[in-house]
1. Filter the range 330-360 down to the residues that are on the phi < 0 side of the Ramachandran plot, free of Cβ contacts under 8 Å to residues at least 24 places away in the same chain and either basic (Lys, Arg) or not in a helix (DSSP H, G or I) (or both) and list them by number.
2. Just need a number here: residues in the range 51-83 that are on the phi > 0 side of the Ramachandran plot and touching a strand residue (DSSP E or B) at 6+ places or on another chain (Cβ under 8 Å).
3. In the range 143-235, which helices (runs of 4 or more DSSP H) lie fully inside it and hold 3 or more residues that are surrounded by fewer than 16 Cβ atoms within 10 Å (Cβ to Cβ)?
4. Need at least 2 residues that are in contact with a helix residue (DSSP H, G or I) (Cβ under 7 Å, 6 or more places away or on another chain) per element, so show me which strands (runs of 3 or more DSSP E) inside the range 27-90 make the cut, counting only ones lying wholly within it.
5. Among the candidates Lys332, Lys336, single out the residue that is surrounded by fewer than 20 Cβ atoms within 10 Å (Cβ to Cβ), at pLDDT 95 or above and under 24 Å from the mean Cα position of the chain (by Cα).
6. Check Ser243 against each of (1) over 19 Å from Leu290 (Cα atoms); (2) in contact (Cβ under 8 Å) with a residue 60 or more places away in the chain; (3) among the polar types (S, T, N, Q) and name the one condition it does not meet.
7. Please find, within the range 298-329, the residue that is surrounded by the fewest Cβ atoms within 10 Å (Cβ to Cβ) out of those that are touching a Ser or Thr at 6+ places or on another chain (Cβ under 8 Å) and among the hydroxyl-bearing types (Ser, Thr, Tyr).
8. Give me the pairs: first residue in the range 274-289 and modelled with pLDDT of 95 or more, second residue among the charged types (D, E, K, R), beta-carbon distance under 7 Å, and six or more apart or on different chains, which are they?
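The values are calculated or read from the model by the stated rules, or taken from the named source; none is laboratory data. On a predicted model such as this, the values are computed, not experimentally measured, just so you know. Cβ placement follows ideal geometry from the backbone for every residue including glycine, while neighbour counts extend to all protein chains displayed.
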Amino acid sequence: MNLANMMFKTIGQKAMFSFDAETAHGLSIKALKAGLVPPCPVAKDEMLSQTIAGLTFENPIGLAAGYDKNAEVPDAILRLGFGFTEVGTLTPCAQEGNPKPRVFRLVSDKGIINRLGFNNEGHKAALERLEARKHHTGIVGVNIGANKDSEDFVADYGLGISTFAHLADYFTVNISSPNTPGLRTLQTGEALARLLDRVFETREKAVRQPPVFLKLAPDLTMENVETISVVINGSPLSGVMISNTTLSRSGISASPNREEMGGLSGAPLFERSTIMLARFRQHLNETIPLIGIGGISNAETAFAKLEAGASLVQLYSCMVFEGPAIASNICKGLIKRMSDEGLTSLDQVTGRKTDEWATKPLSE
């Protein structure tokens with residue numbers, strides 16, 4: 001057990017759980033800023049390296065958007081062993097989000113329910129921070145969204161592209177949060193096509209053209225999957241992220257917080273998000289890589305995401321329960337698993353159980 005994990009298991013988690021979830025999150029950001037969290041380096045190993053959309057990821061484990069909302073600690077996160085990190089979701093104007101309390105732990109299930117509502121300091125604050133670290137190494141993506149009171153959601157995404165195109169290693173277009181009213185309607189065929197047209201028209205005018213990923217919800221029907229896939233297959237998207245949080249409450253125990261409004265993430269999301277990942281893998285062009293998100297807590301769950309069709313994975317909620325060394329520990333576990341099976345690259349894992357996962361039923 002490395003120093004960071006030992007500190008977390010013996011002191012950190014108990015201390016953090018004595019605070020409400022959102023306060024604890026803020027304290028963790030402050031600790032990273034202050035250098036109080038020891039690094040968790042991952043030894044470079046070619047079997048974990050992936051080149052996706054022209055970017056070379058030293059390992060496939062990323063930190064999802066939602067943790068470093070305001071681009072405060074991307075380099076500190078990368079020092080924890082993550083192969084990439086993602087800031088945001090960022091909206092053009094700063095917004096408070098929904099009323100507190102709005103984040104709830106489901107400790108016995110290793111899950112989180114949140115109804116934050118894209119709370120962030122806006123483009124300007126994040127832009128200044130990203131400008132200040134632009135000469136640093138490491139892959140940092142920018143997750144863009146729309147203000148809750150915006151009169152034109154599509155225009156907000158275009159503004160995100162034009163603001164950060166010179167800095168972002170990649171963009172994630174987030175249209176799948178359940179906590180901004182009307183946002184998920186952008187996942188319908190015609191609305192999605194119109195949004196992507198604006199995104200890529202704006203990108204074409206920028207000095208740099210970073211790759212663009214699309215982040216989708218796990219609460220989709222097969223008809224939705226088919227319709228959305230047609231639009232994606234005809235677009236210049238460089239990848240698809242599956243999935244955001246779910247409105248389903250399947251798979252969680254009788255926690256006092258289970259009925260809270262908002263999106264569910266963490267371990268209870270694993271099966272639903274992995275089934276949805278596999279279904280999209282079946283319907284999307286083979287040239288479009290998938291990034292698997294939802295319930296990744298260890299090497300076993302990361303490996304399963306890869307088998308279902310992912311080329312990269314992201315996590316966030318499970319770090320709350322497993323500690324800051326989670327990415328480093330997963331990488332070590334993946335190397336061991338691949339070595340035991342005689343595998344030499346992640347490509348040999350990706351998609352080998354897509355059909356098996358895609359045929360599983362979604363729990364209500």
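1. Thr359
2. Result for the range 51-83: 4.
3. 189-204, 222-233
4. 61-63, 84-90
5. Of Lys332, Lys336, the one residue that is surrounded by fewer than 20 Cβ atoms within 10 Å (Cβ to Cβ), at pLDDT 95 or above and under 24 Å from the mean Cα position of the chain (by Cα) is Lys332.
6. (1)
7. In this case the residue turns out to be Tyr316.
8. Cβ pairs passing all conditions: Thr274/Lys305; Ile275/Lys360; Leu277/Lys305; His283/Glu226.
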